[in-house]
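Trainee: Provided herewith is a single structure, encoded as structure tokens, for subsequent inquiry.
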Amino acid sequence: MIQLTSHGVYLVDGKPVANAPISPEEARKNTIAASILRAHNVGSDEKALNIRFDALVSHDITYVGIIQTARASGLKEFPIPYAMTNCHNSLCAVGGTINEDDHVFGLSAAKKYGGIYVPANQSVIHSYAREELAGCGKMILGSDSHTRYGALGTMGVGEGGPELVKQLLKNTYDINAPEVVLVYLTGEPRRGIGPHDVAIALVGATFASGFVKNKVLEFVGPGVKHLPIDFRNGIDVMTTETTCLSSIWETDEVVKKHYEAHGRPEEYRELKPEGIAYYDAMIEIDLSKMESMIALPFHPSNAYTIHEFVKNADEILASVEAEAKKKFGKCNLDLRSKVKDGKVLADQGIIAGCAGGMFDSIDEASAILKDQSTGNGYFSLSVYPTSVPVSLELTKLGVTADLLSAGAVIKPSFCGPCFGAGDVPANNGLSLRHTTRNFPNREGSKPGEGQLSGVALMDARSIAATARNGGVITAATDIDYDYTPHEYHFDKSVYAKRVYYGYGKADPDAELIFGPNITDWPTQYELSDNLLVKLAAVIRDPVTTTDELIPSGETSSYRSNPLRLSEFALSRRVPEYVGRSKEIAATEAARRAGGDVSELRSVLAKLGNADELLSNTQFGSCVFANKPGDGSAREQAASCQKVLGGFANICYEFATKRYRSNCINWGILPFTLPEGAPFEYEVGDYVFVEGIRAKIAAGVEEFDAKVVKTDGSVESITLFVKGLTDDEKEIILDGCLMNYYKAHSNN
């Protein structure tokens, strides 16, 4: 189905070839990605880019912190369209009034600074961006990792909130020119195959090896023309799970019709590689050979064909149970009990969000279930259309009625099933979801309280086929059904009646409305001459997700309150982390106040003059993980560590650029280890870096550090901080991005 080519290839006359009469350096400029990046680079260097975006998007987990940070840094008005959707904390079921307080704050900010405010349940963030903000050749920055609009000719990038703050303050997104990977599509998918089948196969083929990490995927080829726009969008949004930086597709009449249908025909233009284009690697996907797929817990890359899974279910599910036991010792996930008489039974089906809730997927799922029944057993099916316009059209066409008649439940636009808020299955339940992720706790269970269930990702078509069979996992390619796609008609009037369009209408006299849970960030201090950190968590899993660093689900209600939210940091992975970090932070506070720090003094005495070091050595907590930061763009994965007194991450590599950027923007030193070097230290050991401030300022990238172990012995290790830009150096020296902007505003 998928073939990877790790070396560079040329695209000549629409076909990949090994050689061409032009250098790779020149031919790289002819990719679609390069042309868009070049058009948005306001700097003079073609290799070190300074990007300004055309629009910004955030949701109600992130926009309060972004606006608070920008406000503290001198924000006067939004300089570009900034859409704030309310699709994550829509339930308003946790913490009393605090979720709706955030929504009221968002609307007041839209009025004051000139923003676009999309009320709760009107649209999920990426659906609104596709409908109202995307345009061929544009770039959009979002504070959500699934900011991907490449199928619409728009390069979307998902980053932590501080990167949006930079754009709001008319600064730039600074990256080295990324490598571009050709995704060459051929063939045509057969009946029953949907976008999630292609996406899961793509993630499964690329994630583990880091084949496209921090690169741009460029989709071209004769197979593109066979894909409807929702099919393209459904693949595109899942490119995030490959750990790529962004994506872009060639555009055609299908894309043109999308913009015409949404009343924005001027946003279309043809995009394609120019002349002879060079790509750093290639992924070939034969759509005609695609199978119905399933991604098992606990990652979208844990991919199998449904046929392979069902055939070997007991063995495969045993490995899932073993992984769960390793991650959550006191929980016993029992999924092999779902295997009965050669069949595998699921407990729940969910079709939702920016990946599954699109018009075409729900339309075809309804055709599969027409005049059928989901049954009255343990299995249930819920469907969340991605926006009110989509829901309205499905209702007008009778699609919603067919789903309801079959036993499905129709719910409003909401991202909850993607991150663990709502639709939580029973303990040991197996939920099938056409959503973006199936990380631990994304289904909403609480392993710390003995609750654990699992999510498997599947396409809406196979979920509908499974529902039709009463919960027996079934590939959509294995059933007969009649389906004639409906034409989609977008009705913007529903947005006109509810969405606040404030761009260009900033009112400086408008008051921000603060609920009691919305608080300012605590004081952060600049980096001292020396740094001493104590290991508060040591995680040796191959990859640590942002969901493990700061859990999703009900914790999202507290994301406007940094101190309250920090209580959840690593709570489902290393429950002791918060208490340890607080003890370390209390010692640092005592050091600053001149109090009794006898334990700290004894450690410093092993490193030099304790009195001198006490005065110029910052003390904080540190997390070690092999490869941290896969998944969400939520800046809180880093900010919660900093609020608790964290000053460093040590790892072999960062899973994503966005998490590393979040650490830097919060003044957390992003240390890496030499490849293959052992890290045999444990919680309670201390790591000391002498002269850290002067060395960061001077651009030093290699540090000779000392480790004081709990037994009192001292060892040497090498740490790196590679590739910091000049601005990133200053941010770390100032202690965080807010301090950096305050320092500059006083100059």
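Trainee: Sticking with the crude label model, points 7 Å out along Cα→Cβ, report the distance from A590 to E682 in nm, one decimal please.
Mentor: Distance between the two pseudo-spin positions: 2.4 nm.
Trainee: Rank by packing, highest mean first: peptides 480-486, 111-117, 238-244, 69-75, with packing defined as the count of other Cβ atoms within 10 Å averaged across residues.
Mentor: 238-244, 111-117, 69-75, 480-486
Trainee: Then there's this: Taking a 26 Å limit on the Cα-Cα distance, which of the listed pairs K289/K340; K112/K497; K289/K343; K642/K742 fall beyond it?
Mentor: Pairs exceeding 26 Å: K289/K340.
Trainee: Among 680-690, 712-722, how do they line up by average Cβ neighbours within 10 Å per residue, starting with the highest?
Mentor: The packing order, highest mean first, is 680-690, 712-722.
Trainee: Suppose every K and R has +1 on its Cβ and every D and E has -1 on its Cβ; what is the size of the dipole of segment 214-366 about the Cα centre, in Debye to the nearest 20?
Mentor: I would put it at about 680 debye.
Trainee: Filter K534/K627; K326/K627; K15/K272; K370/K411; K166/K505 down to the pairs with a C-alpha to C-alpha distance above 23 Å, please.
Mentor: The pairs that break the limit, which is 23 Å between Cα atoms, do not exist here.
Trainee: Run lengths n ≥ 4 of DSSP H only: what is the helix-derived mean residue ellipticity at 222 nm for the chain, with -39500 (n - 2.57) per run over all residues, to the nearest 500? Please report the intermediate quantities before stating the final value.
Mentor: Values: 28 runs with 234 residues, N = 747.
It lands at -8500 deg cm²/dmol.
Trainee: Right, here's the next one. Can you give the local net charge around K111? Use residues other than it whose beta-carbon is closer than 13 angstrom to its beta-carbon, Lys and Arg +1, Asp and Glu -1.
Mentor: Around K111, the surrounding residues sum to -2.
Trainee: While we're here: Tell me, in nm to one decimal, what length is gained between H226 and D13 on full extension, where the rule is 0.36 nm per residue of separation less the Cα-Cα distance?
Mentor: Between H226 and D13, full extension yields an extra 74.8 nm.
Trainee: Quick one: net charge around E46, please, counting Lys, Arg +1 and Asp, Glu -1 for every other residue with C-beta under 11 Å from its C-beta.
Mentor: +2
Trainee: Further question on the same structure: Which of the aspartates and glutamates could a cross-linker span from K695 if the Cα-Cα distance has to be under 16 Å and same-chain partners fewer than 8 positions apart are dropped?
Mentor: E526, D529, D704, D726, D727, E728, E730, D734
Trainee: Something else: Using 0.36 nm per residue of separation minus the Cα-Cα distance, give me the extension gain between L404 and D478 in nm, one decimal.
Mentor: Working: separation 74, 0.36 × 74 = 26.64 nm, distance 2.33 nm.
Separation in residues times 0.36 nm, less the Cα-Cα distance, equals 24.3 nm.
Trainee: What distance in nm separates the two pseudo spin-label positions at S6 and D491, each 7 Å out from Cα along the beta-carbon direction?
Mentor: The answer from the label model is 5.4 nm.
Trainee: Would you please give the residues with an amide H less than 5 Å from that of S528, counting only those at least 5 places away or on a separate chain, with H modeled from the backbone geometry?
Mentor: Q618
Trainee: Can you list the residues of segment 168-201 with backbone N under 17 Å from a point 7 Å past the Cα of A20, pointing along Cα to Cβ?
Mentor: 179-185
Trainee: If R0 is 30 Å, what FRET efficiency do you get for S615 and T523 from their C-beta distance, rounded to 0.05?
Mentor: 0.95
Trainee: Using Cα extents along the principal axes in Å as the read-out, say which of (i) 80, 67, 60; (ii) 82, 57, 47; (iii) 80, 59, 57 was calculated from these coordinates.
Mentor: Of the listed options (i) 80, 67, 60; (ii) 82, 57, 47; (iii) 80, 59, 57, (iii) comes from this structure.
Trainee: Add +1 for every Lys or Arg and -1 for every Asp or Glu among the other residues with Cβ under 9 Å from the Cβ of S716, and state the total.
Mentor: Counting the neighbours of S716, the net charge comes to -1.
Trainee: Determine which aspartates and glutamates satisfy two conditions relative to K111: a Cα distance under 18 Å, and not lying fewer than 8 residues away in the same chain.
Mentor: D60, E77, E100, D101, D102, D507, D509, E511
Trainee: A further question follows. Which of the peptides 436-442, 424-430, 5-11 is most tightly packed, and how do the rest follow, judged by the mean count of other Cβ atoms within 10 Å per residue?
Mentor: Ranked by mean Cβ neighbours within 10 Å, highest first: 436-442, 424-430, 5-11.
Trainee: Under a crude label model (7 Å from the Cα following the beta-carbon direction), how far is T186 from D704 in nanometres?
Mentor: Those two pseudo-labels are separated by 5.7 nm.
Trainee: Still on this structure, I have one more. So if each residue of separation counts as 0.36 nm, and I subtract the Cα-Cα distance between A318 and A605, what length gain in nm does that give? Please report the intermediate quantities before stating the final value.
Mentor: Values: separation 287, 0.36 × 287 = 103.32 nm, distance 5.09 nm.
Stretched out fully, the A318 to A605 stretch lengthens by 98.2 nm.
Computed from the coordinates by the stated procedures, all read-outs in this text should not be read as laboratory data. Keep in mind that what you see is a predicted model, and the values were worked out from it rather than measured. All Cβ positions, even for glycine, are placed from backbone atoms using ideal geometry, and neighbour counts span all protein chains on display.
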